[in-house]
1. Looking only at the stretch 139-150, decide whether some residue is among the hydrophobic types (A, V, I, L, M, F, W, C) and part of a strand (DSSP E or B).
2. Can you tell me how many residues within the stretch 111-145 are over 17 Å from the mean Cα position of the chain (by Cα) and either at pLDDT 95 or above or more than 20 Å from D290 (Cα to Cα) (or both)?
3. Can you pull out the strands (runs of 3 or more DSSP E) entirely within the stretch 7-56 that have at least 2 residues that are more than 20 Å from L137 (Cβ to Cβ)?
4. Being out of contact with any His (no Cβ under 7 Å at 6 or more places or on another chain), closer than 18 Å to T62 by Cβ and not polar (S, T, N, Q) is the filter here; which residues of the stretch 96-119 pass it?
5. Counting only residues that are exposed (fewer than 15 other Cβ atoms within 10 Å of the Cβ) and under 18 Å from the mean Cα position of the chain (by Cα), which one in the stretch 267-299 is farthest from F155 (Cα to Cα)?
6. When the residues of the stretch 149-177 are narrowed to those that are of a type in the set (V, I, T) and surrounded by fewer than 17 Cβ atoms within 10 Å (Cβ to Cβ), which ends up farthest from F212 (Cα to Cα)?
7. For a quick check of your reading of the model, give me the residue pairs whose first member lies in the stretch 79-104 and is closer than 21 Å to G47 by Cβ, whose second is in a helix (DSSP H, G or I) and open to solvent by 70 Å² or more (accessible area, probe 1.4 Å), with beta-carbon atoms closer than 9 Å and at least 6 apart or on different chains.
8. Looking at A3, A12, which is the one that is closer than 30 Å to D240 by Cα and open to solvent by 40 Å² or more (accessible area, probe 1.4 Å)?
Amino acid sequence: MLAGNFGEPRPAHFHGGIDVKTDRQEGKVIYAIAGGYVSRIKSNVDGFGNAIYIQQPDGHTTVYCHLKAFSPRITAAINRRRAQVGNDSCEVFLKATDIPVSEGQFIAFSGNSGHSFGPHLHLEIRQTADWTMLDPLNYLSTFVRDTTAPEAIAFRVYPQDTLSYFANSSEPTIHAFGDEVFEAWGNLGFAIRANDHMDSVYNDLGVRYTNFYVDGREVFRSNVDNIPRVKNPLIDVWGDSAYYHKNKVWFLKSFIEPTNTLPILWADNRKGIVYIGQERDYRLKYVLSDVYGNTTVCEIKIRGKRKI
């Protein structure tokens, strides 16, 4: 079971891996999910804490974090480095021939080291060449059961100019999904607050796929995977970071602003901005889904009404 999934929005970064629960205990045996060689070992009181990097021949590197202890051979390598630098907090980089690893081989014990708020394993998969972050569930979904669909909680509307309004307001407003028909006009940006969940887990997780439609036409979509490391801070542009810092919840925008170059987003030629310019009914729809195909659909009903 997972305490956190890939791509959850965090201040200035995405969550770069999955957090695997360890029954609130340390000392669970950790096995390599793929073969390769140990390219790096970290021993640290901050960040990832005790961590192992395994470089794979397929161009990926797996990272195992917050460990309590390493296997004997890995322990020997980091101990040699500790002796060289005279500090327990250190790291060592290794050659392909130093510590080869096979799939399923014992490499460590789970722990709570580094910047961790409870015992768990943080597991990442990166592209070795450029450190692009990949969703580990692309490769490990068969090991985790999930039949629970994402949850749409609320939406936020951002009128783009003084001539535009939604529900009698030209300022950003928050609304619940439901049967209410909202009067609106002009250029509107939408954002959604949503969480994913997993079977028998209380944790709020990030949503992998979001699709946004206006009268059946897709205007925006996101696929939270393959995130370049250098794009990490752009979560503060995609998400309403000012609202988050005040209220500790994220609204992720369904429109793309000029400074947002995240490749995980797509929008139509209006960049996802919805134009309500006729006095008629409009149907907006969000479709949220996870890697298992569990899907939630929710609608927003709008009646176009020009202000007099």
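1. Among the residues of the stretch 139-150, not one is among the hydrophobic types (A, V, I, L, M, F, W, C) and part of a strand (DSSP E or B), which makes the answer no.
2. Of the residues in that region, 13 qualify.
3. Correct list: 36-43, 50-55.
4. Matches in the stretch 96-119: A96, D98, I99, P100, V101, E103, G104, F106, I107, A108, F109.
5. G293
6. Among those residues, the one meeting the criterion is T162.
7. Here the result reads C90/R81; C90/Q84; E91/R81; V92/R80; V92/R81; V92/Q84, each pair linking the stretch 79-104 to a residue that is in a helix (DSSP H, G or I) and open to solvent by 70 Å² or more (accessible area, probe 1.4 Å).
8. Working: A3 fails: open to solvent by 40 Å² or more (accessible area, probe 1.4 Å).
Answer to the check: A12.
The values are calculated or read from the model by the stated rules, or taken from the named source; none is laboratory data. Just so we're clear, the structure is a prediction, and the values are computed from it rather than from any experiment. Here Cβ is always computed from backbone atoms with ideal geometry, including for glycine, and neighbour counts include all displayed protein chains. Only protein heavy atoms, including side chains, enter the accessible area calculation; ligands, DNA and RNA are left aside. Shrake-Rupley method; radii C 1.70, N 1.55, O 1.52, S 1.80 Å.
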